[in-house]
Amino acid sequence: MLSISNLHVRADKKLILRGIDLEVKAGELVVLFGPNGCGKTSLLKTIMGLSKYKIVKGDIKFMGESISNKSIDERNKMGISLMYQKPPVVEGVKVTDFLDRDEDLEKRLSVSKFFKRSMNDGLSGGETKRMEMYQMIKMKTKLYLFDEPDSGVDVENIVVLAKEINKLMEDKSKSAILVTHGGQILKYLKPSRAVVMLLGKIICHGDPQRVFRAITKVGYSRCLGCKCRGKCHEK
């Protein structure tokens, strides 16, 4: 579904992604680990097509078609959506201005009471993430990009979001990349695999739970210079 090859990206005149290679197949939920500032969010925003992120080398293909020169709107219409860490408030615009209501989904995400407000206005972290999830699902997304859905969110909201992600992944025509720093949401998910980013590169891959346990135990410092390609996480 998604194919990224030798991707180099600049933002604010600084090279932030340095040769990313990543394949995400239909039906996969890929977890992306890495310390703050390693390029995880930048990778998701580059896939989504935010103008700040300039591809200087390499390519991104979605459903076999290059999207490197396509706009955010074009990528969204193709089926790519991004859940931001901290989405902005959009004054005067309501979700119902551009999306139909879905009573069942509203109930699952407990979002009905927010439809009279401007987007994200006065919402807590968990409420904002639930509204973002509602919008992504209603836009008939094929590739979900989740940027730290468990950041600044209590356990109750994490469980709600995880249940919805698990439900999405039952449809093997959909895929997702999920960035997590603390890893709390992994208790409730069954991701396909994990990759680890450091210094703008993907340097490791492996079983999500084993990778997370290794990171929790020894941190990311041991990953630098590691040549085992994730086999250390299998022990």
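Where a number appears in this text, it was derived from the coordinates with a stated rule and is not lab data. These numbers were taken from a predicted model, which means no experiment stands behind them. Cβ sites come from the backbone with ideal geometry, for glycine too, and all protein chains shown count toward neighbours.
Grab the Cα-Cα distance for Val90 and Phe115, subtract it from 0.36 nm times how many residues apart they are, and report the gain in nm with one decimal. Don't jump to the answer; show the numbers that get you there.
Details: separation 25, 0.36 × 25 = 9.00 nm, distance 1.29 nm.
Here the answer is 7.7 nm.
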Review point. What is the spin-label model distance, in nm, from Met78 to His8 if the labels are put 7 Å beyond Cα along the C-beta direction?
Key: 2.2
Check your understanding: Relative to the compact globular guide of 2.2 N^0.38 Å, what is the alpha carbon radius of gyration of region 1-136, as a ratio?
Key -> 1.17
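Given Cβ point charges of +1 (Lys, Arg) and -1 (Asp, Glu) and nothing else, what value in debye, to the nearest 20, does the dipole of region 122-208 about its Cα centre take?
Rounded to the nearest 20 debye, it is 420 debye.
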Study note, to complete from the structure: Here, Ser66 and His205, labelled 7 Å along Cα→Cβ, have an inter-label distance in nm of 2.3
Review point. Can you tell me the Rg and the Dmax, both Å, for the Cα atoms in the chain?
Key: 17.5, 54
Check your understanding: Can you give me the pair-distance distribution of region 5-55, C-alpha pairs, 10 Å bins, whole percents?
Key -> 23, 56, 19, 1
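For the chain, give me the percentage of DSSP beta bridges that are antiparallel, rounded to the nearest 5 percent.
Values: 23 of 40 bridges.
Here the share of antiparallel DSSP bridges comes out near 60 percent.
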Practice item. May I ask which residue of Leu105, Gly64, Ala214 lies farthest towards the positive end of the charge dipole of region 2-234, with charges of +1 (Lys, Arg) and -1 (Asp, Glu) on Cβ and the Cα centre as origin? Key: Ala214
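With only alpha-carbon atoms in the gyration tensor, what are the semi-axes of the equivalent ellipsoid for region 53-117, in Å, largest first? Write out the running numbers ahead of the final one.
Details: eigenvalues 192, 44, 24 Å².
Equivalent ellipsoid of region 53-117: 31, 15, 11 Å, largest first.
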Check your understanding: Taking the Cα centre of the chain as origin and charging only Cβ (+1 Lys, Arg; -1 Asp, Glu), how large is the dipole, in debye to the nearest 20?
Key -> 960
